[in-house]
Structures are given as C-alpha cells and as structure tokens.
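Working notes, beginning with the structure itself.
Each value in this text was obtained by applying a stated rule to the coordinates, not by laboratory testing. For clarity, every value in this text was computed on a predicted model and none was experimentally measured. With ideal geometry, Cβ positions are generated from the backbone for all residues, glycine too; neighbour counts draw on all protein chains shown.
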Amino acid sequence: MKILLWAEDLMTKTRLQSAWKAAGAAVLPKNSEEMPELIVMDLTARDAVAHIERLRAKHPATDILAFGPHVDAEGFNAAKAAGATELVSRGSVLDKVLGRLQRAAA
C-alpha cells in the first residue's frame, strides 16, 4: 500500500513511517507524483485543513485519514468538512493504519 503521510513533527513522522514500512507499506514523500492509496494527515501540521482540501481535489477517490488530539473537536469537524473520510485520535492512528495494511495484505 502506498501511503502519503503529511506530518511535520519529526518524532511522529519517524514513528509512523518506521512502523508502516516494517508492515510492508511504501510511505511517499509529500511532493510525490505517485498515486497514494491512503493519505494520512496530521491536523497539527501547518495549514492542515487547506492541505486536505487540495489533496481531496487532486485525489478524489483516495481515503484521507486525519488525526489529531482527541479533544480537538473543531479541528476534526474542519477536516471532515474539507474532505477527510476518517478521523482518529493521535494515539489511534498507528494501529488504525496497521489494521488497513493487514486487511489489504489478506
């Protein structure tokens, strides 16, 4: 599975990339021209909602999973309105994507 991960926090980005790559995913850079099968957006990234809108327009059929602090209802609502298809807390994103990878491999 090709995953486009949009996260600016180096620790978060490294942790997620390492786990997903170990599970067989290809993690694409932000500027990749390849078609992602899943887009994962950190809502704490600068202009995250605008990026979701742009990515939704560029990849209309691709799921966009947005994650952020579980208490950020406003951020989750804005992400959903911008085109995110799934919203999860920061603590759940790693396992949520690992579950998708396992289902895709089955």
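For segment 2-105, the tally of Lys pairs with Cα-Cα distances below 20 Å comes to 13, considering only residues 8 or more apart or on different chains. Over the chain, what is the percentage of antiparallel beta bridges among all DSSP beta bridges, to the nearest 5? Around 0 percent antiparallel, to the nearest 5. Taking every alpha-carbon pair under 8 Å whose residues sit at least 6 apart, the chain reaches a relative contact order of 27 percent. Given R0 = 30 Å, the distance between the Cβ atoms of ALA23 and ASP47 translates into a calculated FRET efficiency of 0.55. Here the alpha carbons of the chain define both size measures, Rg and Dmax, at 12.6, 36 Å. Springs between Cα atoms under 10 Å define the GNM used for the chain, and in it the highest mean-square fluctuation of GLU37, GLU86, GLU74 occurs at GLU74.
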